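Below is one structure, written out as structure tokens, with a few remarks after it.
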Amino acid sequence: NAGVMQNPRHLVRRRGQEARLRCSPMKGHSHVYWYRQLPEEGLKFMVYLQKENIIDESGMPKERFSAEFPKEGPSILRIQQVVRGDSAAYFCASSRDSQTSTDTQYFGPGTRLTVL
Amino acid sequence: AQSVAQPEDQVNVAEGNPLTVKCTYSVSGNPYLFWYVQYPNRGLQFLLKYITGDNLVKGSYGFEAEFNKSQTSFHLKKPSALVSDSALYFCAVRHTSGGSYIPTFGRGTSLIVHP
């Protein structure tokens, strides 16, 4: 049973370009969470999605960032017009059922975004 | 509101000695508590969680954690450290009173085990 998959593992973009990060949850999981990790700052929640729905985007910057989790295919975190401050590791996690608050999140290996 | 504090940025311990990585939390109502470990250039791996019941929780790789409600703590422990335990450790808390159950993570503690 494959774990959470993320690609690419490393992504380099120039300022102003778009970055697309993909996440495939574990088999049987229908809830996806995106986090950003900056050095010395720990893990910051960005957005929580179920299939075709954004449930909680309270941690997402209001501009340039968007996320989706379509009926078919992976969840995508999109960053438009990237700036150097967007350089970070972006992690995706999935869980079976968030409505059960005891449910555990399982994390992917992350995408390390570098903006030149 | 919920929050987690990991008061030590780094913990150093000699191989074979017991280790403790500290975590305190703040949450309204009863907490659900988690520990994760992150190796370099990898994602977070689940270690253990406290939901209810016995205050001592056993997890992967010989780790355990003790829930202390009066001190609002959930320290991670291991009786005998290995060099391979060197990694970044994250504590997380979730409230149980509704909402989307998004956990809050601490800033992480770097554990260094010396040979």
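Observations, loosely collected:
- Test result for A:Gln81, more than 14 Å from chain B (Cβ to nearest Cβ), more than 30 Å from B:Pro7 (Cα to Cα) and of a type in the set (S, T, N, Q): yes
Per-residue answers, yes or no, for (1) more than 12 Å from every other protein chain (Cβ to nearest Cβ); (2) at pLDDT 95 or above; (3) within 11 Å of the chain's Cα centre (by Cα):
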| residue | (1), (2), (3) |
| --- | --- |
| B:Lys22 | yes, yes, yes |
| B:Val37 | no, yes, yes |
| B:Phe63 | yes, yes, yes |
| B:Lys69 | yes, no, no |
| B:Lys78 | yes, yes, no |
| B:Gly108 | no, no, yes |
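- Pair list, Cβ under 6 Å, 6 or more apart: region B:82-96 residue touching a residue at least 60 places away in the same chain (Cβ under 8 Å) and over 20 Å from B:Leu33 (Cβ atoms), other residue of a type outside the set (Asp, Glu) and surrounded by fewer than 20 Cβ atoms within 10 Å (Cβ to Cβ): B:Val83/B:Pro115
- Flag if A:Glu52 is within 10 Å of chain B (Cβ to nearest Cβ) and either of a type outside the set (S, T, N, Q) or free of Cβ contacts under 8 Å to residues at least 60 places away in the same chain (or both): no
- One residue stands out among those in region B:49-78 that are without any contact (Cβ under 8 Å) to a residue 40 or more places away in the chain and of a type in the set (D, E, K, R): the one that is surrounded by the most Cβ atoms within 10 Å (Cβ to Cβ), which is B:Lys49.
- The one condition in (1) open to solvent by 20 Å² or more (accessible area, probe 1.4 Å); (2) in contact with a Cys (Cβ under 9 Å, 6 or more places away or on another chain); (3) under 23 Å from B:Leu88 (Cβ atoms); (4) more than 13 Å from chain B (Cβ to nearest Cβ) that A:Met5 fails to fulfil: (4)
- Test: residue in region B:89-102 that is open to solvent by less than 30 Å² (accessible area, probe 1.4 Å), more than 14 Å from every other protein chain (Cβ to nearest Cβ), closer than 26 Å to A:Arg36 by Cα and modelled with pLDDT of 95 or more: no
- Residue in region A:26-42 that is more than 10 Å from chain B (Cβ to nearest Cβ) and charged (D, E, K, R) present: yes
- Filtered residue count, region A:66-92, keeping only those that are within 11 Å of the chain's Cα centre (by Cα) and either within 23 Å of B:Gly108 (Cβ to Cβ) or part of a loop (DSSP other than H, G, I, E, B) (or both): 7
- Any pair with Cβ under 6 angstrom, 6 or more apart, that starts in region A:57-82 at a residue that is surrounded by fewer than 17 Cβ atoms within 10 Å (Cβ to Cβ) and ends at one that is among the small types (Gly, Ala, Ser): A:Arg78/A:Ser66; A:Gln81/A:Gly16
The values are calculated or read from the model by the stated rules, or taken from the named source; none is laboratory data. Note that this is a predicted model, so its numbers are computed, not measured. Neighbour counts are summed over all protein chains in view; Cβ atoms, including those assigned to glycine, are modelled from backbone coordinates with ideal geometry. These area figures cover heavy atoms from the full protein model, side chains too; ligands, DNA and RNA do not enter into them. Shrake-Rupley method; radii C 1.70, N 1.55, O 1.52, S 1.80 Å.
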